[in-house]
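Trainee: Structure below; questions to follow.
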Amino acid sequence: MHEPDEIMPEFYAPLENWTVTQGRDIYFTCTVNNLGKYKVAWIKSDSKAILAIHTNLIAHNHRLTVTHNGHNTWKLHVINVQKNDTGSYMCQINTQPMIVQTGYLDVRIPPNILDEADIEGPGSAAMEGGTIRLRCRSTGKPEPKVHWKRKDNRHIVIRSDGAREKQELATVKGDTLELSNVHRTDMGKYLCIAKNNVPPTVSKEFNVQIHFHPMIKVTNQLVAAPTGSNVHIQCYVETSPKAMHSWAKIDGGDLMPNAKYKMSETPINEYSLQMDLTITSLEPKDFGGYLCIAKNALGKAEGSIRLQELHLLSAPTTPEAPPPEPEEDDDEELAGADEENLVPVEGEPTANGDNRSLDEQQRQQDQQNHASESTKKPPQAAHGGGSGGNGGGGVRHHDNKQRHGSGKGSGSGCPACWMLVLATVVVVTLFRSPAVFRW
């Protein structure tokens with residue numbers, strides 16, 4: 001009992017309330033005025049355990065400490081708070097009756113996903129058409145919320161009613177993911193994500209495997225290439241679990257990688273890849289059938305490719321221009337000109353196909369000319385010619401230039417031709433002089 005005139009202790013300010021993430025450090029401050037002969041004690045309300053009295057620590061907990069500023073302030077420090085530190089804390093003064101004030105510590109715990117051993121159900125592998133059930137259990141405070149998504153951001157396919165109905169979802173809520181009537185396209189990595197607004201958000205990866213018989217696709221089953229070239233052939237393989245891949249020549253055995261045969265594989269996704277074979281410096285013996293082979297524990301698949309020889313057409317050659325003809329000599333040109341102007345000899349066909357002799361043709365032409373001249377003017381005697389004192393007759397001379405052109409070099413070019421032309425002129429002249437000769 002305190003004396004009537006005694007000043008009783010009193011709290012200067014209430015204790016703090018704390019909401020912190022696990023691992024943080026906090027402290028409660030208890031300020032007391034007029035403490036006098038009384039003492040301050042720290043008690044955890046839910047367990048009624050005395051933690052400290054005045055500056056003496058009672059609890060055997062290395063994460064707890066008590067400090068006093070030498071005046072009226074006491075502090076209870078909690079280092080690296082944990083889940084079991086959550087609860088009410090009291091600053092109590094041992095008066096009669098005791099006076100108490102309370103503060104609350106709320107420890108928030110980030111989400112945590114349990115080990116993979118806690119997965120229930122068929123597991124993360126199944127035959128195509130089967131069922132896969134994944135479970136993701138987590139802890140935290142507050143209780144985490146869990147959802148699923150695919151790591152590559154493709155949609156999760158939920159099939160129901162014998163796979164006749166399906167849903168494609170970006171995320172699926174709940175700690176259990178069930179995939180029914182699975183298809184090879186469901187294969188891949190799935191993420192279980194747990195969060196409760198206490199950082200950090202956590203996730204766990206599940207690798208879903210769908211097993212099926214190997215399958216091979218060949219896009220080009222017939223390939224043609226010329227001898228001496230390099231040719232590239234390829235196959236697309238789908239298989240799970242992983243298969244052994246090889247190349248073989250039909251009726252020729254397996255092929256091994258070397259300088260002649262270059263082989264490579266290019267992954268496409270979780271269950272498919274591309275097989276490539278390059279055959280260098282093609283020879284006649286290289287043509288024929290080839291097999292790409294995939295074999296795993298569930299079976300074997302083959303794809304065939306036919307390689308045949310490509311016969312290239314030879315490129316057309318451009319004919320060379322004929323060499324220029326040498327120029328003829330002047331004598332040969334003149335001789336040619338004389339030959340073009342010569343009158344056809346008797347018995348030689350004319351341009352009209354007529355085989356009449358030169359005399360007959362010339363005679364007919366002169367008669368026509370004479371008849372036309374007689375109608376125009378009387379005949380005139382030519383100078384320098386006469387016979388028997390009769391000056392009425394004359395000889396019409398045909399200039400050699402009219403019949404032979406310029407006549408240059410004609411005598412030397414063809415003497416026989418010159419004599420033939422002269423005889424012809426004489427005959428024609430006699431025929432055209434009726435006053436002198438009478439037939």
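Trainee: Bin all alpha-carbon pair distances of region 33-96 at 10 Å intervals from 0 and give each bin's fraction as a whole percent.
Mentor: 20, 56, 22, 3
Trainee: Could you pull out the pairs from K217/K285; K145/K173; K83/K195; K145/K204 whose alpha carbons sit more than 20 Å apart here? Show your work: numbers first, answer last.
Mentor: Details: K217/K285 26 Å; K145/K173 8 Å; K83/K195 17 Å; K145/K204 14 Å.
Table pairs above 20 Å Cα-Cα are K217/K285.
Trainee: Separate question: What is the Cα coordinate range of region 134-210 on the first, second and third principal axes, sorted by size from largest, in whole angstrom?
Mentor: 41, 21, 17
Trainee: Show me the ranking of peptides 14-21, 251-258 by mean Cβ neighbours inside 10 Å, starting with the highest.
Mentor: Listed from highest to lowest mean packing, they are 14-21, 251-258.
Trainee: Assuming a viscosity of 0.692 mPa s and a temperature of 37 °C, what translational diffusion coefficient in µm² per second does Stokes-Einstein assign to region 55-169, Rh being the Kirkwood radius over Cα pairs?
Mentor: On the way: Rh = 20.0 Å.
Translational D for this selection: 164 µm²/s.
Trainee: For region 1-111, what size does the Cα cloud have along each of its three principal axes, sorted from largest down, in whole Å?
Mentor: Taking the Cα atoms of region 1-111, the three principal extents are 57, 23, 20 Å.
Trainee: Starting from 0.36 nm per residue, how many nanometres of slack lie between D251 and I158 once their C-alpha separation is accounted for? Kindly include the intermediate steps, with their values, before the conclusion.
Mentor: Working: separation 93, 0.36 × 93 = 33.48 nm, distance 4.72 nm.
Length gained, D251 through I158: 28.8 nm.
Trainee: Can you tell me the dipole magnitude for region 1-132 around its Cα centre, using point charges on the Cβ only (Lys, Arg +1; Asp, Glu -1), in Debye to the nearest 20? Write down the numbers at each step before the final one.
Mentor: On the way: 9 positive and 14 negative charges, 116 e Å.
My answer is approximately 560 debye.
Trainee: With no solvent and one point on each alpha carbon, what is the Debye value of log10 I(q)/I(0) for region 164-247 at q = 0.13, 0.25 Å⁻¹?
Mentor: The Cα Debye sum returns log10 ratios of -0.69, -1.31.
Trainee: Provide Rg and Dmax in Å for region 206-286, with only Cα atoms included in the calculation.
Mentor: For region 206-286, the Cα radius of gyration and maximum Cα-Cα distance read 14.8, 52 Å.
Trainee: List the lysines whose Cα sits under 19 Å from the Cα of K166, skipping any in the same chain fewer than 8 residues away.
Mentor: In chain and number order, the partners are K149.
Rule-based calculations on the coordinates, nothing more; no lab input. Worth saying up front: this structure is predicted, and the values here are computed from it rather than measured. Don't worry about glycine lacking a Cβ; one is built from the backbone with ideal geometry, like all the others, and counts go over all protein chains shown.
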